[in-house]
């Protein structure tokens, strides 16, 4: 079983549109893991049925047992996040401000404060329209994605792939270069970098590749909207050559990306033209590189 | 030589864990004493953030000469490990611990 991770560094490059297209092309052989949990949107394209769900806990939140509180206010004094306001003469923890550091519990003279595990959202196992399975998650308001949640989504997807003897897990990776991305990359067989020829597209590509390189993972790159800025496209191509990154494809700017998305379809369902062919070629290229015959 | 492995179990036949920071276990093999010990790392694996550096610190306490893992620690963990001087060998993600040890002995990692 091979794990293919698709990341972009910069947002808006077409990463999720391409990931969903690859999932469509791979069909039953591919388990999908949506690890872009901060702005999860793959469910819009792949029609999951949310068959199984489970609560996800991450981090902690202070909780004041009102019957033991003597209203001394020491907790509110030490809280660096101003997370313990007085509401109707009671000290109440504001869940959006509390960081769960536990300082309040430490100074409370009557031990009235405890830390509780924080329910930050749910994760799901769904049947999707490709005939396969997707593992994905939904975060509550104000909750942030974490390496832990990404690790959970990925390990569930891998377990399913192993049980059902599927060839691939494809992972829609998180944006940026932080903890969730590190967790997205860890354990991957191959990384697909999706970029666009803009100054920030190239900058973020370099930044995220630095991380990929630390992990010693083989990488390929798709330059989307490659015809909107020839100069930067050439710079990107030079960078790929220098770093020995496989140039998988250059996709011209095409409004079918948006049109397909607005009716909830992947590009390979919507378009029958050259764009579909280019994406299909890219996918076959990736399959060749990770050494599995289709 | 003391060799550390990132693994999903406690024995020579356990599969390797390709991840470093959120690996389930370490196995430490002391070649002189011919002794295999394990460390349960699932607490670090459950950290929301910063699992890599935490695991690196734990590993340092065992003072191994070599670390064998899947595809190498990420940014922060790599920075910690660099300071410790532990030699990192990668590419053993799909093997069992025994296979990884043999591959190391043959110089294949």
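Residues that are at pLDDT below 90, within 14 Å of residue B:4 (Cα to Cα) and in contact with a strand residue (DSSP E or B) (Cβ under 9 Å, 6 or more places away or on another chain) within the range B:65-89 comprise B:70, B:72, B:73, B:81, listed in sequence order.
Scanning the range A:161-180 for residues that are part of a loop (DSSP other than H, G, I, E, B) and under 18 Å from residue A:8 (Cα atoms) turns up A:173, A:174, A:175, A:176, A:177, A:178.
Considering only residues that are crowded, with 23+ Cβ neighbours inside 10 Å and over 16 Å from residue A:154 (Cα atoms), look in the range A:1-13 and name the one that is farthest from the chain's Cα centre (by Cα). If we take residues in the range A:1-13 being crowded, with 23+ Cβ neighbours inside 10 Å and over 16 Å from residue A:154 (Cα atoms), then A:13 is farthest from the chain's Cα centre (by Cα). Being closer than 26 Å to residue A:22 by Cβ and either more than 11 Å from the chain's Cα centre (by Cα) or outside any strand (DSSP E or B) (or both) is the requirement here; does residue A:158 meet it? Yes.
Taking (1) at pLDDT 90 or above; (2) surrounded by 12 or more Cβ atoms within 10 Å (Cβ to Cβ); (3) in contact with a helix residue (DSSP H, G or I) (Cβ under 8 Å, 6 or more places away or on another chain) in turn, residue A:80 satisfies each apart from (2).
Residues in the range A:162-176 that are buried (at least 23 other Cβ atoms within 10 Å of the Cβ) and within 14 Å of chain B (Cβ to nearest Cβ): A:169, A:171, A:173, A:174.
Take the residues in the range A:55-70 that are outside any helix (DSSP H, G or I) and surrounded by fewer than 12 Cβ atoms within 10 Å (Cβ to Cβ); name whichever of them is farthest from the chain's Cα centre (by Cα). Filtering first and then ranking leaves A:70. Taking the residues in the range B:1-51 that are surrounded by fewer than 14 Cβ atoms within 10 Å (Cβ to Cβ) and more than 21 Å from residue B:104 (Cα to Cα) as candidates, determine which candidate is farthest from the chain's Cα centre (by Cα). Selected residue: B:43. Residue count for the range A:142-155 under the criterion of being away from every other protein chain (no Cβ under 12 Å) and assigned to a loop (DSSP other than H, G, I, E, B): the result is 1.
Looking only at the range A:220-271, which residues are in contact (Cβ under 8 Å) with a residue 40 or more places away in the chain and farther than 16 Å from residue A:44 by Cα?
Scanning the range A:220-271 gives A:220, A:222, A:224, A:225, A:236, A:245, A:246, A:248, A:251.
Being within 13 Å of chain A (Cβ to nearest Cβ) and more than 18 Å from residue A:184 (Cα to Cα) is the requirement here; does residue B:61 meet it? So residue B:61 does not fit the description; no.
The values are calculated or read from the model by the stated rules, or taken from the named source; none is laboratory data. The shown structure was predicted, so the numbers you read here are calculated from the model rather than taken from an experiment. Methodologically, a virtual Cβ is constructed for each residue, glycine included, from the backbone with ideal geometry; neighbour enumeration extends over all protein chains shown.
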